[in-house]
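A short worksheet on the structure shown next.
The values are calculated or read from the model by the stated rules, or taken from the named source; none is laboratory data. On a predicted model such as this, the values are computed, not experimentally measured, just so you know. Cβ atoms come from the backbone with ideal geometry, glycine included; neighbour counts cover every protein chain shown. SASA here: full protein model, heavy atoms, side chains in, ligands and nucleic acids out. Shrake-Rupley method; radii C 1.70, N 1.55, O 1.52, S 1.80 Å.
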Amino acid sequence: MGGSRDSWIWVHTEPWTPNIDRLASGGAKLTQHLAASPLCTPSRASFMTGRYSVRSGMASWNRIGVYIFTASSGGLPPSEVTFAKLLKSQGYSTALIGKWHLGMNCHNKSDFCHHPLRHGFDEFFGIPTTNLRDCQPGEGTVFASAHRWLVFVPLQVIGLAVLTLGALRCLGLLRVPPGVFLGLLLLVALLLLLLVCFLNFFRPLNCFLMRNYDVTQQPLSFDNLTQRLTAEATSFIRRWVHAETPFLLFLSFIHVHTAHFSSREFARKSRHGPYGDSVEEMDWSVGQVLDVLEELRLADNTLVYFTSDHGAHVEEVTAKGQKHGGSNGIYKGGKANNWEGGIRVPGIFRWPGVIEAGLEIDEPTSNMDIFPTVAKLAGSPLPNDRVIDGRDLMPLLQGKTRRSEHEFLFHYCNAYLNAVRWHPPNSSSVWKAFYFTPKFHPKGANGCFSTHVCLCLDGHVTRHRPPLLFDLSTDPGEKSPLTPETEPRFQDILRVMQEAADRHTQTLSADVPNQLSLGNTLWKPWLQVCCASSSGLSCQCDQQRQEQGTRN
């Protein structure tokens, strides 16, 4: 394995089953492991860099908090240092297989300024953005609200205007030039044309598979997709172990983000429907990777980390009432909000002989902690020109300390400081104070079903003065906010937390470019990547099928 250096694999996803249970029983479970953000893009940025995403401009000040189009100009800035860059500098072979979702191009369709290969990965095989319902025919759309407000409501307004003007003209009450009616009809035609183009082109332009810088399948086919990703992962391990080179593998599953998909071997087998099928297939893939480590006798010097980038998306419910977004158990809320259901994620570490099997740690930790942890283990110094918010986890995982180095953690809703977490020294309490909370709807729901995800802007949140305070050590479900009557130290606790928030805010730079601005998230045709064999926006190819045919 290339001297005394060890290799790392990240298995990144959302829930459970036998192989993940095997992974957990052989290592340590962090029961208060937290995503730095409850949304994909900012959470992944924090994970990769060990920094709150607001420091790199990867947190939105607007309504949209993630990248939707591959031809957007925003992304993880080239100046950011990822753990892949650090390990590559120490001689590691590095690969990302699966989902990226941190941008691709800046100025033209071939600069690839935000691409994984520009951020320390030697190999990339996967999707540059994310999996959406719109990527799979027949699975509906996540843009229903946008279609309603941007197309159907304007069409209704225009239709009403035409009828009103026509009636006034017929009654002789208003002289309306024919050009007005023609203009309104042209506007109707334009709106309908844009809708048809969106419905026709979104899938091929945004749902595709890449190998390094090349598009290999456009649009993406879900047929045996997990098997293909798994084969790439196990092949990468085999190649580099025979080369006696230490490696970093980031296996970032496309499961179980909707649209759900599974191969024939797993389809309609789970009693939990399409969601269960997806989870069981993902679990199979985890088992394949673990089996290869055992087969090649790498298990004892490979650190395996299993997690998710945020909590389950509770609002993902089909028109038939099927829950496709998973469950957060006792925890309130879910994806896109900072209730525990949105940020408390699986945290499993396995390293036989180094991390005790069956260990369970209930201390606040963050996915940002991976960056300094692997940097220390690989012998790489941390960058000294920027704030690193993560903390080395090895002392906690090896039992050298029983306390997390995070006395305070800060929870952002997009770029807005939403809540503060405080685990005081010599105390079992974990205080959490909310400055604002999302307005769940409909009334009594556990999410924001009318907007599909909870939003962070005024009109969609309730602000709290004083902040809403919970003790998670006794109320992990965040059901009973504390008051001065129920907690005598109420004012003192909030004062300490506010002082910590003020100190943290002072460390933020005001001149960081906003990578998720409206201009950086809009679709730009000159940034659109297509198959080399495509012309215009046809973007149709399937090199994957050709490669499989050649192998067969």
- Per 5 Å bin from zero, what fraction in whole % of the C-alpha pairs of the stretch 243-305 is there, up to the bin with the longest pair? 4, 16, 22, 19, 13, 12, 10, 4, 1
- Message: Show me the ranking of peptides 436-442, 318-324, 306-312, 258-264 by mean Cβ neighbours inside 10 Å, starting with the highest.
- Response: 306-312, 258-264, 436-442, 318-324
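Between residue 295 and residue 213, 0.36 nm times their residue separation minus their Cα-Cα distance comes to what?
Working: separation 82, 0.36 × 82 = 29.52 nm, distance 3.18 nm.
Roughly 26.3 nm would be gained on extension.
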- Item | Simple label model, 7 Å out from Cα along Cβ direction - residue 499 to residue 182, nm | 7.3
- Note on the structure: For the chain, the charge dipole (Cβ of Lys, Arg +1; Cβ of Asp, Glu -1; about the Cα centre) points to a positive end, and the Cα of 497, 441, 120 closest to that extreme belongs to 441
- Item | Value of relative contact order over the stretch 180-288, rounded to a whole percent, pairs C-alpha under 8 Å and six or more apart | 18
- Message: How large is the Kirkwood hydrodynamic radius of the chain, counting all unique pairs of alpha carbons, in Å?
- Response: 24.9
- Rounded to whole Å and ordered largest first, report the semi-axes of the equivalent ellipsoid of the stretch 175-219 derived from its Cα gyration tensor (root of 5λ). 41, 7, 5
- Message: For the chain, give me the percentage of DSSP beta bridges that are antiparallel, rounded to the nearest 5 percent.
- Response: 55
- On the accessible surface of the chain, probed at 1.4 Å, how many percent belong to carbon and sulfur atoms? 56
- Item | Flagged links, alpha-carbon separation over 31 Å, of 29/432; 335/400; 85/109 | 335/400
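Using only alpha carbon pairs under 8 Å that are at least six residues apart, calculate the relative contact order of the chain and give it in whole percent.
On the way: 1123 pairs, mean separation 143.7, N = 552.
The value is 26 percent.
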- How large is ³J(HN,Hα) for each residue in the stretch 400-416, as worked out from phi by the Karplus curve 6.51 cos²θ - 1.76 cosθ + 1.60 (θ = phi - 60°), to whole Hz, x for Gly and Pro? 6, 9, 9, 10, 5, 6, 8, 6, 10, 10, 10, 10, 9, 9, 6, 9, 9
- Average projected area of the Cα convex hull of the stretch 409-552, in nm²? 16.4
- What is the distance in Å between the Cα centres of the stretch 429-462 and the stretch 481-515? 19
- Task: Please give the peptides 142-152, 341-351, 17-27 ranked by average Cβ packing (other Cβ atoms within 10 Å per residue), highest first, as a rough proxy for protection.
- Result: 341-351, 17-27, 142-152
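What's the longest uninterrupted piece of the chain once you rule out the GluC sites (Glu not before Pro) that are loop residues per DSSP with at most 10 other Cβ within 10 Å?
On the way: sites that count: 244, 485.
With a cap of 10 other Cβ atoms within 10 Å, the longest stretch comes to 1-243.
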- Item | Average accessible surface area per residue within the stretch 426-540, 1.4 Å rolling probe, Å² | 55
- Given Cβ charges of +1 for Lys and Arg and -1 for Asp and Glu, the option among 262, 97, 132 whose Cα lies farthest towards the positive end of the dipole of the chain is 132
- Reach of residue 320 by Cα under 15 Å, taken over aspartates and glutamates that are not fewer than 8 positions away in the same chain: 139
- Message: Just to verify a number: FRET efficiency for residue 485 and residue 464, C-beta to C-beta distance, R0 = 25 Å, to 0.05?
- Response: 0.90
- Note on the structure: Of the candidates 34, 412, 252, the farthest towards the positive dipole end of the chain (Lys/Arg Cβ +1, Asp/Glu Cβ -1, centred on the Cα centre) is 412
- Task: Assign one of three labels to the stretch 67-136, namely rounded, prolate or oblate, based on the Cα gyration tensor with a ≥ b ≥ c the square roots of its eigenvalues; rounded applies when a/c is under 1.5, prolate when it is not and a/b is larger than b/c, and oblate otherwise.
- Result: oblate
- About its Cα centre, how strong a charge dipole does the chain have in debye, to the nearest 20, once Lys and Arg get +1 and Asp and Glu get -1 at the Cβ? 1320
- Message: For residue 88, give me every one of the lysines with a C-alpha distance below 21 angstrom, ignoring sequence neighbours fewer than eight places off in its own chain.
- Response: 99, 376
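Compute the Rg to Rh ratio over the stretch 213-331 from the alpha carbon atoms, using the Kirkwood formula for Rh, and round to two decimal places.
Ratio of gyration radius to Kirkwood radius for the stretch 213-331: 1.01.
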- Message: Show me, for the stretch 209-226, the HN-Hα J-couplings you get by feeding each phi into the Karplus relation (A = 6.51, B = -1.76, C = 1.60, θ = phi - 60°), rounded to Hz, glycine and proline as x.
- Response: 10, 10, 10, 6, 9, 9, 7, 10, 8, 8, x, 4, 9, 7, 4, 6, 5, 5
